[in-house]
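What follows is a set of notes on a single structure, which appears directly below.
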Amino acid sequence: MTDHSSNAMWGGRFAEGPDAIMEAINASIGFDQRLAAQDIQGSRAHAAMLAATGILSDKDAEAIREGLLTVMSEIEEGTFTFSAALEDIHMNVENRLREIIGPAAGRLHTARSRNDQVATDFRLWTRAQIDAALAGLVSLQHALLDQAEAGADWVMPGFTHLQTAQPVTWGHHMLAYVEMLGRDTGRLEDARRRMNESPLGAAALAGTSFPIDRHMTADAMAFDRPCANSLDAVSDRDFALEFLSAASICATHLSRFAEELVIWSSAQFRFVKLSDRFSTGSSIMPQKRNPDAAELIRAKIGRILGANVALFTVMKGLPLAYSKDMQEDKEQVFDAADALLLSLAAMDGMVRDMTANVENLRAAAATGFSTATDLADWLVREAELPFREAHHVTGTLVAMAEEKGCDLPDLSLAEMQAVNPAITEGVFDVLGVDNSVASRTSFGGTAPERVREQVAAWRARLG
């Protein structure tokens, strides 16, 4: 017989041996208590349906309804005692209900299982997180639209490879993130539509012989319909995976913008000033302001993507229907949802508070021969050169300007004509940064008039 007393495994919190270990690994109440409101919502819908179909007496149904309201009040007031010995939120609620109303509480579990109960609770909770994320996305889009409208004419450098490429407008840059967040909204809306089916009544895995009305409970919880297959209803976690996948893409977008804000607020760039509400001072260097909120948003993708990978890994090899492995689904989603909603709120605050340094943006836009492409385009359009030849001529002029220590607009017409005599005075109409952005009038382009059109279109779309 093994002597557990000499084994370090049994020390500390597991000093009581295998029973304590089994309770610790089996119990989920430490985290699934977050499903309390959804659990009670589902139980109330189930009890009302049981009464309507004659499975439960009106008297018992009323006692259950009142008892569940009492339990919810205790949870909201913080007076409810959660017990790990009762394993999960379902048993904790049912046990307290029994204490309040007596044996009638046991009839609530007729025609259902903890399998369909938890699937229902988790869908309800995830749906609520999607609704909150959608509201956060719309608010952030409005904040970006305000910035875009204010800076429709502000010129700034557009980058590729973090090298100055062509001038763009501040408004155009802000609208790029509005577009990204719009796709995030679409993904979450799609996920919500697919998940909006009720597992309740699937019971353990095969349905039930009781004459239940699953459409009634689905309607009561604002689901579009009941799940059509009981095996799938209790074993599906696609809804959580879709939420995490959409959240991961959204967090990636937020992280990219956060990275830009970190760079833009640095002493080397000075493109933006972040408010004191979303930056902190250094503990040792009084001249510094650290973009802490942006840096933390940039890091949140690690938690959210990590949750996505974790849940995919949990689900990848599970046979139908329910397995205890699926208890490991919730903590990942809880943490990811918290991180996403916090990131959206923090980014919203930063965007609303940040101030663009218009002069620095403009000065940076004019560096690095940013209108070289405009010159090449002009040579094609006005001098009718093949693009490859225009590209070569432009490269020669850039090298000349670099050698003289000036920018392209500072070269004289004579110097330009020495490289190619087809160049005329009209070339200077495209070489300034303002002329450059104003000329980019193609649909989706950076021209101020296109920016204002897109701002108006998005405001109409968002309402």
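The table below gives the values:
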read-out	value
Count - residues of the stretch 95-124 that are in contact with a helix residue (DSSP H, G or I) (Cβ under 6 Å, 6 or more places away or on another chain) and of a type in the set (Asp, Glu)	2
Conditions (1) more than 30 Å from residue 32 (Cα to Cα); (2) of a type in the set (Gly, Ala, Ser); (3) open to solvent by less than 40 Å² (accessible area, probe 1.4 Å); number of the one not met by residue 346	(1)
Pairs, first more than 14 Å from residue 194 (Cα to Cα) and open to solvent by 10 Å² or more (accessible area, probe 1.4 Å) in the stretch 226-253, second modelled with pLDDT under 95 and aromatic (Phe, Trp, Tyr), C-beta under 7 Å, six or more apart	235/322
Helices (runs of 4 or more DSSP H) wholly inside the stretch 13-64 containing at least 3 residues that are polar (S, T, N, Q)	36-52
Residue 123 being over 30 Å from residue 363 (Cβ atoms), within 36 Å of the chain's Cα centre (by Cα), touching a residue at least 12 places away in the same chain (Cβ under 8 Å) and open to solvent by 60 Å² or more (accessible area, probe 1.4 Å)	no
Candidate set from the stretch 399-413 (those that are of a type in the set (Asp, Glu) and open to solvent by 60 Å² or more (accessible area, probe 1.4 Å)); member that is nearest to residue 168 (Cα to Cα)	410
Top-ranked residue of the stretch 71-119 - restricted to ones that are open to solvent by 60 Å² or more (accessible area, probe 1.4 Å) and part of a loop (DSSP other than H, G, I, E, B), ranked as nearest to residue 226 (Cα to Cα)	82
Selection from the stretch 254-276 of residues that are buried (at least 19 other Cβ atoms within 10 Å of the Cβ) and within 18 Å of residue 345 (Cβ to Cβ)	254, 255, 257, 258, 261, 274
Residue in the stretch 369-382 that is in contact with a His (Cβ under 7 Å, 6 or more places away or on another chain) and open to solvent by less than 70 Å² (accessible area, probe 1.4 Å) present	yes
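The values are calculated or read from the model by the stated rules, or taken from the named source; none is laboratory data. Keep in mind the model is a prediction, meaning the values are calculated, not measured. Ideal geometry is used to build each Cβ from the backbone, glycine not excepted, and the neighbour counts take in all protein chains shown. Note: accessible area is taken over every heavy atom of the protein model, side chains too, but ligands, DNA and RNA are not part of it. Shrake-Rupley method; radii C 1.70, N 1.55, O 1.52, S 1.80 Å.
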